[in-house]
Amino acid sequence: MAGGGVAPPGGGDVNRVEAPVTIKAYMMCVFAAFGGIFFGYDSGYISGVLAMDFFIKTIAGDDATALPSRDKSLITSILSAGTFFGALIAGDMADWIGRRLTIIFGCTVFIIGVALQTASAGLGLIVAGRLVAGFGVGFVSAIIILYMSEIAPRKVRGAIVSGYQFCICIGLLLASCVDYGTQDRTDSGSYRIPIGLQALWAIVLAVGLFILPESPRFFVKKGKLDLAAKALASVRDQPIESAYIQDELAEIIANHEYEMAAVPHGSYFQAWAMCFKGSIWEGSSYLRRTILGTSMQMMQQWTGINFVFYFGTTFFTQLGTIQNPFLISMITTLVNVCSTPISFWSMERVGRRSLLIWGALGMCICEFIVAIIGTVAPDNDNAVKAMIAFICIYIFFFATTWGPGAWVVIGEIFPLPMRAKGVALSTASNWMWNCIIAVITPYMVDEDKGNLNAKVFFIWGSLCACCFLYSYLLIPETKGLTLEQVDQMLAETTPRTSSRWVPHTTYAAEMGMTEKGKVGHVEHPSGDESV
């Protein structure tokens, strides 16, 4: 593979394909996870704003006591619609200008959307602002997972990407706290403060990413091996001459060349069509991976978690026996935040597959219990308290399993030639189903529509039962493997046998790249020496 004048190094030792984890490498990944804060905040603030008296009167008129279902559906879902398209566009941009610059661009677009929403005094501008902000969230939510997965050391990759979900939870909690603090204001600050504050998170992320290095795997994809070596040395906190850097870079290069030879790449449209090549019955085919990634994100939305975070405040209001729905929403969000760090340990200790299987079962049981209690004794104070308790337990199961787990797996299952597009398609699937659920939920639960109330949890519980079967049959175990080893595992196992697979060779050895080569600083022909 030509590029940048660097002779590819190599190594065939499956146990030494990556450098030990250092504090610097760890902190780089931790900061990248910060992107989850404004993703979570943006998802969370709308639940409280939709229930604010001043906002309701601003949108629906001075005599209104609640937003019409159509307005509630439009305001909530339009962000997800924008995010769907933003995630798809981000897949191209990440392969064109790089993972890091795509995220920075997404932050800029998001800030523009926030400014439009903050300036709004009616339905039109807030819908337009949420649509624009959605494009920005799409860029960031798709590519931050890609970026983190590509730079994170394999031994802590699950924990690091789980940290992204933790930051989403922190964003949700911050949104609930701000909503709680401004709910009683009798001016436009009641909704403008929660909306405007989210621009701060995007600014922090964008500024920080100017300092962080680009993904070395992006430079390998571009053929800029000198820059790939510099970037890899930076994220692993090792000198370029280190054997660890030589071995890992050789493995990345060899895996990329193997995939390029196995699946020829052509024009722009052929590159997208590549994502759908192969047999659905072949575990390592591009089509199978695309279906796995997109369906996993669909399943995450089917758990019903965003019903609680998007419409929790209005749902608790409709129960009629809760004096402060805003406080209950904040408590459920706090449960989410406190539970998620458990996944930092369990994702690497227990594994992705087992967590997703048992998490789906736990959520299924809790949701059916909530639905049964709410149907049998809807007006009983003690029954409502029991419902809230099981909703919190359900959130615990989600926060420790499917919340982080779905993001971890989609960052690991795609090969380098299609990784940006695969993660983008998967993230777009998440937001498409997010949008669908946001559109239909008000019509299912509002008093003048379906009026399901707690019965809606029969639907979410049934869908979680589907998640349980899906996890058992289709999700592979990727714990403890490099991204290149995941490719080998998918080719050689089935999901149910994947947890027993161990690496036995490297792509570098198979491609005849086991002879060491010196990786030094070589100026790229373009003159670009930045990382």
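The values are calculated or read from the model by the stated rules, or taken from the named source; none is laboratory data. Note that the structure is a prediction, hence the values are computed from the model and not measured. No Cβ is skipped: glycine too gets one built from the backbone with ideal geometry, and neighbour counts run over all protein chains shown. Ligands, DNA and RNA are stripped out before the accessible areas are found, and what is left, the full protein with its side chains, is counted by its heavy atoms. Shrake-Rupley method; radii C 1.70, N 1.55, O 1.52, S 1.80 Å.
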| said: Longer than 30 Å from Cα to Cα, which of K72/K479; K230/K421; K224/K421; K72/K385; K57/K449 are they? Say none if no pair is. | reply: K72/K479
| message | Given R₀ = 60 Å, what would the calculated FRET efficiency be for M27 paired with L469, taking r from the Cβ atoms and rounding to 0.05? | response | 0.95
| Sites excluded, GluC sites (Glu not before Pro) in DSSP loops with at most 15 other C-beta within 10 Å, longest stretch of the chain | 1-240
| query | So what's the gap between the Cα centers of the range 184-229 and the range 426-491, to the nearest angstrom? | reply | 27 Å
| said: Could you sort C29, C466 by their accessible area in this structure, using a 1.4 Å probe and putting the largest first? | reply: C466, C29
| said: Ignoring ligands, DNA and RNA, please state the percent of accessible area on the chain from carbon and sulfur, probe 1.4 Å. | reply: 65 percent
| message | With an 8 Å Cα cut-off and a minimum separation of 6 or more residues, compute the relative contact order for the range 344-443 in percent. | response | 28 percent
| request: Would you work out the relative contact order for the chain, in percent, from Cα pairs under 8 angstrom that are 6 or more residues apart? | output: 27 percent
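Before I look further, what does the chain give for accessible area per residue, probe 1.4 Å, in whole square angstrom?
Heavy-atom accessible area per residue stands at 35 Å².
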| Among the Cys residues of the chain, which have no other cysteine Cβ under 4.7 angstrom away? | C29, C107, C167, C169, C177, C275, C338, C366, C392, C435, C466, C467
| How about the range 364-431: which chymotrypsin sites (Phe, Trp or Tyr not before Pro) there are in a DSSP loop, with at most 12 other Cβ atoms within 10 Å of their Cβ? | none
| field | Projected area averaged over orientations for the chain, convex hull of C-alpha atoms, nm² | value | 22.8 nm²
| In whole angstrom, and with the biggest value first, how far do the Cα coordinates of the range 368-481 range along each principal axis? | 56, 30, 20
| query | Leaving out same-chain residues fewer than 8 places away, which aspartates and glutamates sit with a Cα under 20 Å from that of K455? | reply | E367, D379, D381, D446, E447
| task | Tell me the label-point distance for the pair W96, L287, using the 7 Å Cα-to-Cβ offset, in nm and rounded to one decimal. | result | 2.9 nm
| task | For the range 163-264, restrict the atom set to alpha-carbon positions and state the Rg and Dmax in Å. | result | 21.7, 64
